[in-house]
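For reference, the structure is listed below as structure tokens.
The values are calculated or read from the model by the stated rules, or taken from the named source; none is laboratory data. What you are looking at is a predicted structure, and each value in this text was computed from that prediction instead of being measured. When we count neighbours, we look across all protein chains shown, and the Cβ atoms used for this are built from the backbone with ideal geometry, even at glycine. The accessibility values were calculated without ligands, DNA or RNA, using every heavy atom of the protein model including side chains. Shrake-Rupley method; radii C 1.70, N 1.55, O 1.52, S 1.80 Å.
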Amino acid sequence: MPHHILIVDDAQELAQLFAQLLRDAGYSTAIATTGPDALAQLQARRPDLLLLDVNLPELDGYALASMLKSDPATATIPIVMVSAQEGRGARVIGLESGAEDYLAKPVDPAELRAKVRNLLALRDRSAHAART
């Protein structure tokens with residue numbers, strides 16, 4: 001069964017592009033356009049990784065990441081924060097809110113696939129080590 005990635009971005013075209021790039025790499029994907037929509041989808045099906053935009057309506061990516069990392073049920077889901085906000089400050093806030101990595105828009109497709117692959121491999125190794 002392929003890894004499942006939840007893409008949370010209110011820009012539909014960009015979310016579709018990310019979904020296609022990741023499906024082409026062998027992942028299953030779902031899209032949420034708001035923070036509350038993402039929370040509902042997380043309850044229905046736990047993703048293996050979250051690709052999370054910072055600027056979301058209703059509940060921004062920083063707040064959503066903090067919520068997920070403070071909940072033991074979702075704390076181990078890797079988060080890649082995606083934002084058009086440039087500069088060290090935005091990256092640091094994203095990482096401090098709980099994201100494992102950060103991508104600046106426009107996103108390089110090869111970098112996106114590499115980060116996702118590496119984070120999922122690390123997650124799988126950690127889960128395997130915890131079972132043994």
For the chain, the charge dipole (Cβ of Lys, Arg +1; Cβ of Asp, Glu -1; about the Cα centre) points to a positive end, and the Cα of Pro72, Leu52, Gly89 closest to that extreme belongs to Pro72
What percent do you get for the relative contact order of the stretch 11-72 when only Cα pairs under 8 Å and 6+ apart count?
-> 26 percent
Taking only protein heavy atoms into account and a 1.4 Å probe, give the accessible area per residue of the chain in Å².
-> 51 Å²
Report, in debye and to the nearest 20, how large the dipole of the chain comes out about its Cα centre when Lys and Arg carry +1 and Asp and Glu carry -1 on their Cβ.
-> 580 debye
Calculated P(r) tail over 18 Å for the stretch 1-66, as whole % of Cα pairs | 29 percent
Which far-off residues, 5 or more places away or on another chain, put their amide H under 5 Å from the one on Val8, with H placed in the peptide plane?
-> Ala32, Leu51, Leu52, Asp53
Heavy atoms only, probe 1.4 Å: what % of the accessible area of the stretch 49-132 goes to carbon and sulfur, would you let me know?
-> 55 percent
Could you tell me the largest-minus-smallest coordinate of the C-alpha atoms of the stretch 16-132 on each of the three principal axes, in descending order and whole angstroms?
-> 41, 30, 27
Highest GNM mean-square fluctuation, the chain, Cα pairs closer than 10 Å: which of Gly61, Gly94, Gly26?
-> Gly26
Let me have the 222 nm mean residue ellipticity of the chain computed from DSSP H runs of 4+ only, each contributing -39500 (n - 2.57), with the sum over all residues rounded to the nearest 500.
-> -15500 deg cm²/dmol
Would you mind calculating the relative contact order of the chain from Cα pairs under 8 angstrom and at least 6 residues apart, reporting the percent as a whole number?
-> 21 percent
Mind listing the phi-derived Karplus ³J(HN,Hα) values for the stretch 31-42, rounded to whole Hz, using 6.51, -1.76 and 1.60 with θ = phi - 60°, and x for any glycine or proline?
-> 10, 10, 10, 9, x, x, 4, 4, 4, 5, 5, 5
